[in-house]
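Visitor: Could you have a look at this structure, given as structure tokens, before my questions?
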């Protein structure tokens, strides 16, 4: 009996090691940038709950993602295909400009998606078949970004009430709630009026743990030329100007005024680098550190 127990234990350990080895043989990170931008966008899968399933997929870097469809528009294999059925969370980090065609097509276990304000374009069928999505955290401003839920692969998770009896919650910027509700709550297809989505305006734009940013049109000319940074404490550093929250906004080339409000103590690295049209900057006495390249190319 004792020998049988030992043998069973060894077999259990061996089976466990085989399972772990199979996962380990597959890469957990790599590049996924578009042509000409191949190495600038990175994908990484992580096992956040230590169960060897690698359920979180993060897309980071700068610029456009690659497309994952053929000339007929059919999906092709993605670098993360091995983990496809286990992915429950997709996080697109700030700096990524577009989500590729068919990028997450068929991720049937996907429940949570985060889209940063740098994303200007969601590719064709990017989320097709992702019918179990419960929450989308979208920091993108709709009038700056060429985003459309219905035509580009997001329709499956917000217009399929037959597959689920709950709406997908799209968490959006608080000050953009009305715009989202007006522009994105109506399905343009007259044959499909069952929109299963609930917009919730519970997000804010942060550039530090307790620091927010906002653009405003001070001249009433339709151009949001004034960038205001408010709050307390330290701004985050940015790896490059492309990682700035306002980097890919159309207004980026129109920012002429920057106002740092009292309470901010540190202006982060590359914070305003590349604001070429900048004319005035207001810096309060509370600021004690201006990090490297904060105002580079602001001429």
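Each reported figure results from applying straightforward, stated rules to the coordinates on display, with no laboratory input. This structure is a prediction, so every number in the text was calculated from the model and none was measured. Cβ: placed from backbone, ideal geometry, glycine included. Neighbour counts: every protein chain shown.
Visitor: Tell me whether region 96-141 comes out rounded, prolate or oblate; compute the Cα gyration tensor, take square roots of the eigenvalues as a ≥ b ≥ c, and use a/c under 1.5 as the rounded threshold. Don't skip to the end; give the middle numbers.
Guide: On the way: a/c = 2.84, a/b = 1.32, b/c = 2.16.
Oblate.
Visitor: Can you pull the one-decimal nm distance between simple spin-label points at residue 46 and residue 134, each 7 Å off the Cα toward Cβ?
Guide: Label at residue 46, label at residue 134, 2.0 nm between them.
Visitor: Quick check: pseudo-label points 7 Å beyond the Cα along Cα→Cβ at residue 288 and residue 74, how many nm apart are they?
Guide: For the pair residue 288/residue 74, the computed spacing is 6.4 nm.
Visitor: How do 120, 65 rank when sorted from fewest to most other Cβ atoms within 10 Å of their own Cβ?
Guide: Least crowded to most crowded, the residues run 120, 65.
Visitor: If the viscosity is 0.692 mPa s and the temperature 37 °C, what translational diffusion coefficient in µm²/s does Stokes-Einstein give for region 206-290 when Rh comes from Kirkwood over Cα pairs? Don't skip to the end; give the middle numbers.
Guide: Values: Rh = 12.8 Å.
Translational D for this selection: 256 µm²/s.
Visitor: Which order do 83, 206 fall in if you start with the one that has the fewest other Cβ atoms within 10 Å?
Guide: 206, 83
Visitor: Give the order of 38, 176 when sorted by the count of other beta carbons within 10 angstrom, beginning with the fewest.
Guide: Values: 38 12, 176 21.
In increasing order of surrounding Cβ atoms, one gets 38, 176.
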